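The values are calculated or read from the model by the stated rules, or taken from the named source; none is laboratory data. Everything numeric in this text was worked out from a predicted model, so none of it was measured. Don't worry about glycine lacking a Cβ; one is built from the backbone with ideal geometry, like all the others, and counts go over all protein chains shown.
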Amino acid sequence: MSQTRRPMIAGNWKMNGLKADGTALASDLAKLLNGETDPVFEMVVCPPFTLIAGIAEAITGSAIGLGAQDCHAADKGAHTGDISAPMLADLGCKYVLAGHSERRTNHGESDADVKAKAEAILASDLSAIICIGETEAERDGGKTMDVVKTQLSGSLPKSATAANSVIAYEPVWAIGTGRTPSDDEVQEVHALIRAELAKALGEDEAAGVRLLYGGSMNPGNASNLLALADVDGGLIGGASLKSEDFWAIAQSCDT
Ligand code: PGA
């Protein structure tokens, strides 16, 4: 973690929660923030689409930011079942995830698809959290660095800046498994991402981009992961569904 980049603790709720659960979770987090308007960390929750409007209400007046988990690359049109970035902006979202590995795997999203979505997100004055990460076979085959580089360059929109884009490194094999890379391995990939960003955006801009680690982050491992030089927060799945765990992770930013 650096002194200059404000850490982000983002919760990816995935396909979890009915109205009452989501509202209770968001309200609990707002209570834990206890009226603090400018905590050291930026807290973001990304509920399923169905809960966004209700959560927007539950977190009104708190420092919690609202995000969505995906969007279509087009603004509107004949895309049955899809949701556009302007629709998410209309609900009060500030962030949208693009290219989560579950989207890449379950919906066949390519780097080009992810880039188009990220462009749509930025065009709606929202910020993109662009997700990249290698599979277990790629890690075992020594391809992690190549995969991460290719995904980053293929998914990053031209208009990306430190202010409108966040990169989440999520090794696919670490998501929901309780396994994580070693701290050194995480730092090595994050340093590579920042070096690649410097090539694409320039040194100064790259120095301001927040890089999140995601994949089995929990209250037990968060302090070590968040202390790494190029880790500027976390994208948290399972542990974001329990307010006390998510809060404990956010508190690790203070140490
Ligand atoms: P996890 O998920 O924290 O449950 O591993 C992270 C993610 O998929 O964003």
Restricting to the stretch 189-217, what's the tally of residues that are touching a residue at least 40 places away in the same chain (Cβ under 8 Å) and not in a strand (DSSP E or B)? 15
Only one of (1) farther than 22 Å from Thr150 by Cα; (2) more than 15 Å from the ligand (Cβ to nearest atom); (3) free of Cβ contacts under 8 Å to residues at least 12 places away in the same chain fails for Gly220. Which number is that? (2)
Test each condition in (1) of a type in the set (A, V, I, L, M); (2) within 11 Å of the ligand (Cβ to nearest atom); (3) not in a loop (DSSP other than H, G, I, E, B) for Leu225 and report the one that comes out false. (2)
If Pro171 meets every condition in (1) more than 11 Å from the ligand (Cβ to nearest atom); (2) in contact with a Lys or Arg (Cβ under 9 Å, 6 or more places away or on another chain); (3) closer than 19 Å to Ser153 by Cβ apart from one, which number is that one? (1)
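A quick yes/no check of all residues on (1) surrounded by fewer than 16 Cβ atoms within 10 Å (Cβ to Cβ); (2) within 16 Å of the ligand (Cβ to nearest atom); (3) among the β-branched types (Val, Ile, Thr); (4) on the phi < 0 side of the Ramachandran plot:
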| site | (1), (2), (3), (4) |
| --- | --- |
| Gly61 | yes, no, no, no |
| Asp75 | yes, no, no, yes |
| Ala89 | no, no, no, yes |
| Tyr95 | no, yes, no, yes |
| Arg103 | no, yes, no, yes |
Only residues in the stretch 9-37 that are closer than 16 Å to Gly67 by Cα and in a loop (DSSP other than H, G, I, E, B) count as the first member; pair them with residues that are more than 16 Å from the ligand (Cβ to nearest atom) and at pLDDT 95 or above, Cβ under 7 angstrom, at least 6 apart or cross-chain, and list the lot. Gly17/Leu51
Note: among Gly108, Gly92, Gly81, Gly142, just one is in a loop (DSSP other than H, G, I, E, B) and closer than 25 Å to Thr180 by Cβ, namely Gly142
